[in-house]
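Colleague: There's a structure below that I have some questions on.
The values are calculated or read from the model by the stated rules, or taken from the named source; none is laboratory data. Everything numeric in this text was worked out from a predicted model, so none of it was measured. Positions of Cβ are generated from backbone atoms using ideal geometry, with glycine treated the same way; all protein chains shown enter the neighbour counts. To get the accessible areas, we keep the full protein, side chains included, count just its heavy atoms, and leave off ligands, DNA and RNA. Shrake-Rupley method; radii C 1.70, N 1.55, O 1.52, S 1.80 Å.
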Amino acid sequence: MAAKILIVEDEPAISEMVEMALSRANFEVVKATNAEEAILLLRDTLPALVLLDWMLPGTSGVEFARRIKKDGVTSHIPIIMLTAKGEEADKVYGLDAGADDYITKPFSPRELIARIRAVLRRAAPLAEQEIIEVDNLLLDTASHRISVNGELLELGPTEYRLLHFFMTHPERVYSRGQLLDSVWGSNVYVEERTVDVHIRRLRKALTPYGHERYVQTVRSAGYRFSTKV
Ligand code: CA
């Protein structure tokens, strides 16, 4: 699945240039022209990274970065600031506000893509590991096998993807819509009830090992994978 990048930029020429560069590098692009619009998009689309212009009309880039980092659902999303030349104070201020990196305008598409890949690599160590382990639950992304204490666990493909997503995104609540987007993909039309069906199957598969308690229902919010009960 292509990583989704949210661009927040009010200058159409830059926004288009960035979109083109990202699409060519096989990223999925979501665009906003101001922070208000971006805030609405953020929780729905849960991008892998935000490219944030610093000089925005209305809510500033700094303010928006703070909001992303304060919200438990979005705080893990890395931010790269787009700043104008010579705004040294802004860079320090931006990094303080939670930005992970910055890039100075004008920049080349190649530089931009390299910086995005570097930040994504740093930000997603869990998702990149081949073997993901939670307690004695072992998920091998190379062979798509899951085992508990060496015993193989039979899971359907959707339950596997769901468990992989949960194990790499623990201790956070995801709505059914967010799970659909992340596990099924945003271009697929599936009813939210489908999520409950697969959660039930996943829990059933984990029950013999007592791990079904990790897949927790959070009332009126969604689901969370947690080893804390
Ligand atoms: Ca601007």
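Colleague: Filter the cross-link list K70/K91; K69/K204; K31/K228 down to pairs whose alpha-carbon distance in this structure exceeds 27 Å.
Modeller: Pairs exceeding 27 Å: K69/K204; K31/K228.
Colleague: Assigning unit charges at the beta carbon (Lys, Arg +1; Asp, Glu -1) and nothing else, what dipole magnitude in debye, to the nearest 20, does the chain show about its Cα centre?
Modeller: 600
Colleague: Given a 10 angstrom Cα cut-off, can you work out which residue in R203, R110, R219 is the most mobile in a GNM of the chain?
Modeller: R219
Colleague: In debye, nearest 20, what is the charge dipole magnitude of region 4-123 about its Cα centre with +1 on Lys and Arg Cβ and -1 on Asp and Glu Cβ, if you could check?
Modeller: Roughly 540 debye, rounded to the nearest 20.
Colleague: Continuing with this model, one more query. Which Cα, out of Y214, T59, H164, lies furthest along the positive dipole direction of the chain (beta carbon charges, K/R +1, D/E -1)?
Modeller: Highest projection toward the positive end goes to Y214.
Colleague: Which order do you get for R172, R201, R66 if you rank them by accessible area with a 1.4 Å probe, largest at the top? Display every interim value, and only then the final one.
Modeller: Details: R172 60, R201 130, R66 95 Å².
Ranked from most to least accessible, the order is R201, R66, R172.
Colleague: Can you list residues from other chains, or at least 5 along the same chain, whose modelled amide H is less than 5 Å from the amide H of E28?
Modeller: A3, K4, I5
Colleague: Please work out how much length the chain gains when fully extended from A114 to Y189, using 0.36 nm per residue of separation minus the C-alpha to C-alpha distance, in nm with one decimal.
Modeller: Extra length available between A114 and Y189 comes to 23.7 nm.
Colleague: Mind ordering 98-107, 189-198 by average Cβ neighbours within 10 Å, highest first?
Modeller: 98-107, 189-198
Colleague: Of the peptides 204-217, 48-61, how do they stack up when ordered by the mean number of other Cβ atoms within 10 Å, highest first?
Modeller: On the way: 204-217: 15.5, 48-61: 20.9.
Highest to lowest by the protection proxy: 48-61, 204-217.
Colleague: In addition: For the pair K228 and N149, how long in nm is the line joining their label points, each one 7 Å along Cα→Cβ?
Modeller: 2.7
Colleague: Ignoring any ligand, DNA or RNA, what whole percent of the accessible area of the chain comes from carbon and sulfur when the probe is 1.4 angstrom?
Modeller: 51
Colleague: Report Rg(Cα)/(2.2 N^0.38 Å) for the chain, keeping two decimals.
Modeller: 1.10
Colleague: Return the calculated 222 nm mean residue ellipticity for the chain, to the nearest 500 deg cm²/dmol, obtained by summing -39500 (n - 2.57) across DSSP H runs with n ≥ 4 and dividing by the residue count. Working shown, then result.
Modeller: On the way: 9 runs with 92 residues, N = 229.
Helix-only estimate at 222 nm: -12000 deg cm²/dmol.
Colleague: Counting only heavy atoms of protein chains, what accessible area per residue, in Å², does region 134-221 have with a probe of 1.4 Å?
Modeller: Numbers: 4750 Å² over 88 residues.
Result: 54 Å² per residue.
Colleague: Another question, if that's okay. Please give the charge dipole size of region 127-225, origin at the Cα centre, charges +1 on K and R Cβ atoms and -1 on D and E Cβ atoms. Round to the nearest 20 debye. Don't skip to the end; give the middle numbers.
Modeller: Working: 12 positive and 14 negative charges, 96 e Å.
Approximately 460 debye in magnitude.
Colleague: Placing +1 on the Cβ of each Lys and Arg and -1 on the Cβ of each Asp and Glu in region 4-123, which of S23, Y102, A123 has its Cα farthest towards the positive end of the resulting dipole?
Modeller: Ranked along the dipole, the leading option is A123.
Colleague: Also, quick follow-up: If you fit an axis through the alpha-carbon atoms of helix 193-206 and take the longest principal axis of the Cα set of the chain, what angle between them do you get, 0 to 90°, nearest 10?
Modeller: For 193-206 against the chain, the angle is about 50 degrees.
Colleague: Give me the distance in nm between label points sitting 7 Å out from Cα along the Cα-to-Cβ direction at N34 and F107, one decimal.
Modeller: Those two pseudo-labels are separated by 2.5 nm.
Colleague: Please identify which residues in region 184-217 have an amide N closer than 20 Å to a label point set 7 Å out from the Cα of V173, following the Cα→Cβ vector.
Modeller: 192-197, 199-200, 213-217
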